[in-house]
Each structure stands twice: as structure tokens, then as C-alpha cells.
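Peer 1: Pasting in a structure now, in C-alpha cells, and then I'll have a few things to ask.
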Amino acid sequence: MAAPRSCALWGNCGRGWSRLMRSCGLPGLRSSWPGSPLGARLLSQEKRASETHFGFETVSEEEKGGKVYQVFESVAKNYDVMNDMMSLGIHRIWKDLLLWKMHPFPGTQLLDVAGGTGDIAFRFLNYVQAQHRGRQKRQLRARQNLSWEEIARQYQNEEDSLGGSHVMVCDINKEMLKVGKQKAQAQGYKTGLAWVLGDAEELPFDDDKFDVYTIAFGIRNVTHVDRALQEAHRVLKPGGRFLCLEFSQVNNPLVSRLYDLYSFQVIPVLGEVIAGDWKSYQYLVESIRRFPCQEEFKEMIEDAGFQKVTYESLTSGIVAIHSGFKL
């Protein structure tokens, strides 16, 4: 047994000596190092580390960002219509459930990342306005001696219609933000809403700024999901909540087969017919299959520093809502 131990010790010493020689930068050693077997393995590992997936395609990390941007630039104008067509309108229920789970109160400061077309933001504004109006009515009923003018003034105070709530929509894609702003103007959303161009992996906000962070059908498109989660944790206030609505892993074998058939055979065709864009919707389908399952994503959220992390699968696991707190 002595011989193997001495060989292992010599091997370790040899590796340590090689590292020392490389760090010293001795003439002749630097040029020969990359050609060595160990050097080749390290270079190969470094290359793999800089590669990622774009759907089922393997691309460089730098390339993925540009490709994803092009996808959403292409689909922006038809994004909402295609969401209705692809999900048969069920995406609206999923988003409503996200708001019900959030249960925001008047005064809540929300950051909605990858929320370009405003679906979550508008639901949030509607929700907190209804909450504030309800509270306002209860307060007015409790005060018996108010005049008509005082009651009318309470209802006409538009600046206070949200009870101090505010939503910041952050998206990396200018076209998606453009569509969202147009929708906001058409639907009459004027107060409590702002639009910011920004990257989920490097958010342009201070630490401890928001009460709630949401990202709906967006996190699977970022290059480094772990960085996006760390940024979510950074910008939330202590006690703040992270909520993610995303496609996930179907847990029913029969539903899974039907879902795969619909996803790969129907959705790209709808993309071509309605939006004139087969490739973008093929990518969206493939990106769903590459995203981690519910449990794995839960662990990633915990690794970013969140606590009390839970998830709820919806529609047999086609989507899931993950929740976590910054404590």
C-alpha cells in the first residue's frame, strides 16, 4: 500500500510544481503549457463554461443575448395575440393567480422584470386600486358626519387612487417596452407606473428598494439565471417577496404527450400564420423544455439567498409559481 500512496503524493507534488512554474511565467513553459493534456482539458472546460443553450442549439453566452433580443424584437407586436392563441387564453388565469398569490396592499412598491407589454403591471394597478377603494369605502362608512363635498373629494383624488402603490416595469427589449407603453396609454393607465430599459442580470436599481419582485415567462430567457436571482434578492427590501411565473415540467404522462404534440406541431405553425415567424416560436417551445423542473428551480432560488421558498404547479405542471422571501 505504500507504493500507491507515494505515487499519489508525487503526482500531487507534480501538479503543485506545475502550477508554481506557470505562475512564475518562466520562459518556454508558457508556450508549452496549453499543449499539455491537462492544459487542453482546462481550455475545454473553459470553453464549455462560456457556452449555453438557445433552445436546443448550443451557442456562446455572448451570442445568446443577441439571439433572445432578436426573438422578442420580432414577436413584440403580436406578443399578446400569440399568448392568447398559444395558451387558448389560459395565460390570463395564470397571471391572475400570480396577483392573488401576491395579494399586494396599497403602498406596495413592485418591480416587474421582463414585463415589457405590461400584463402583470396592469393587473397589479387594478388590484391595489380595488383594495384601496375598498378600504376607502370602509373608512367613509365609519365617518357618519361627512358632507357630500368631502366624500366627492375623496373619490376624485386620482393621485391617491393607488394608496401610494407603484410598479416599475423593467425590460431589456425596447420594442416590448414600446408595446407596453402604447397599451398603457390606450387603456388609461397614467399614475403609479414607470418603464425602464434594463437587464435582469444587472438591474439599474439600488439595494433594498422594492417590496415585491415579479418575473412572468421571462427568467428562462436570461443567459445566467443564477445572476438574475441574485439581482432579485439584492433589490428587494428585507421581508420582500420574489414571485416567478414560468413554464415548468408537466407531471401527468398523458398530458405531457399531448402538450409536446401541441407545442412542437402547432405553436410554430401558429407563429408562422399569425406573426410570420416560425423560428421565434420554435425557440420559445424549445426554451421551455430546457428550463429546470420545479424542484431544481426551487433549489436555485434558495441558493440565491431566498428563504421559505415554495412553488405551486398549475394546469398539471405546464406552469408553476415559485415564491420566496428575503429574510
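The values are calculated or read from the model by the stated rules, or taken from the named source; none is laboratory data. Note that the structure is a prediction, hence the values are computed from the model and not measured. Every residue, glycine among them, receives a Cβ derived from its backbone with ideal geometry; neighbour counts consider all protein chains shown. Areas reflect the complete protein model, heavy atoms only, side chains present, ligands, DNA and RNA absent. Shrake-Rupley method; radii C 1.70, N 1.55, O 1.52, S 1.80 Å.
Peer 1: Evaluate segment 289-296: report whether one residue or more is of a type in the set (S, T, N, Q) and closer than 27 Å to Gly324 by Cβ.
Peer 2: yes
Peer 1: Go over the candidates Lys279, Lys237, Lys298, Lys308 one by one and state the one that is at positive phi and open to solvent by 40 Å² or more (accessible area, probe 1.4 Å).
Peer 2: Checking each option against the conditions leaves just Lys308.
Peer 1: Got a number for residues in segment 65-84 being touching a helix residue (DSSP H, G or I) at 6+ places or on another chain (Cβ under 7 Å) and open to solvent by 80 Å² or more (accessible area, probe 1.4 Å)?
Peer 2: 2
Peer 1: Kindly evaluate Ile301 against the criterion of being touching a residue at least 24 places away in the same chain (Cβ under 8 Å) and touching a Cys at 6+ places or on another chain (Cβ under 8 Å).
Peer 2: Considered against the rule, which asks whether it is touching a residue at least 24 places away in the same chain (Cβ under 8 Å) and touching a Cys at 6+ places or on another chain (Cβ under 8 Å), Ile301 comes out as yes.
Peer 1: Sticking with this one: Within segment 272-318, can you find the residues that are within 20 Å of Leu229 (Cβ to Cβ) and among the hydrophobic types (A, V, I, L, M, F, W, C)?
Peer 2: Listed by number, the residues that qualify are Ile288, Phe291, Cys293, Phe297, Met300, Ile301, Ala304, Phe306, Val309.
Per-residue answers, yes or no, for (1) open to solvent by 90 Å² or more (accessible area, probe 1.4 Å); (2) modelled with pLDDT under 65; (3) under 19 Å from Tyr127 (Cα atoms):
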site: Ala142; (1), (2), (3): no, no, no
site: Gln156; (1), (2), (3): yes, yes, yes
site: Glu159; (1), (2), (3): yes, yes, yes
site: Val169; (1), (2), (3): no, no, yes
site: Met176; (1), (2), (3): no, no, no
site: Gln182; (1), (2), (3): yes, no, no
site: Tyr189; (1), (2), (3): no, no, yes
site: Leu193; (1), (2), (3): no, no, yes
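Peer 1: I've got another one for you. Regarding segment 310-326, can at least one residue be identified that is charged (D, E, K, R), more than 15 Å from Ser74 (Cβ to Cβ), assigned to a loop (DSSP other than H, G, I, E, B) and touching a residue at least 24 places away in the same chain (Cβ under 8 Å)?
Peer 2: For segment 310-326, residues charged (D, E, K, R), more than 15 Å from Ser74 (Cβ to Cβ), assigned to a loop (DSSP other than H, G, I, E, B) and touching a residue at least 24 places away in the same chain (Cβ under 8 Å): present.
Peer 1: Criterion first (over 16 Å from the mean Cα position of the chain (by Cα) and surrounded by 19 or more Cβ atoms within 10 Å (Cβ to Cβ)) does Gly218 satisfy it?
Peer 2: In short, no.
Peer 1: Right, something else. Which condition from (1) open to solvent by 10 Å² or more (accessible area, probe 1.4 Å); (2) β-branched (Val, Ile, Thr); (3) under 25 Å from Val81 (Cβ atoms) is the one that Val285 breaks?
Peer 2: (1)
Peer 1: Would you point out the residue of segment 86-100, among those that are crowded, with 16+ Cβ neighbours inside 10 Å and not basic (Lys, Arg), that is nearest to the chain's Cα centre (by Cα)?
Peer 2: Of everything passing the filter in segment 86-100, Leu98 is nearest to the chain's Cα centre (by Cα).
Peer 1: Another one. Please pick out the residue among Glu202, Glu231, Glu246 that is surrounded by fewer than 19 Cβ atoms within 10 Å (Cβ to Cβ) and either touching a residue at least 12 places away in the same chain (Cβ under 8 Å) or over 28 Å from Asn78 (Cα atoms) (or both).
Peer 2: Unique residue meeting the criteria: Glu202.
Peer 1: Considering segment 105-133 alone, what residues qualify as being out of contact with any Leu (no Cβ under 7 Å at 6 or more places or on another chain) and surrounded by fewer than 20 Cβ atoms within 10 Å (Cβ to Cβ)?
Peer 2: Phe105, Gly107, Gln109, Asn126, Ala130, Gln131, Arg133
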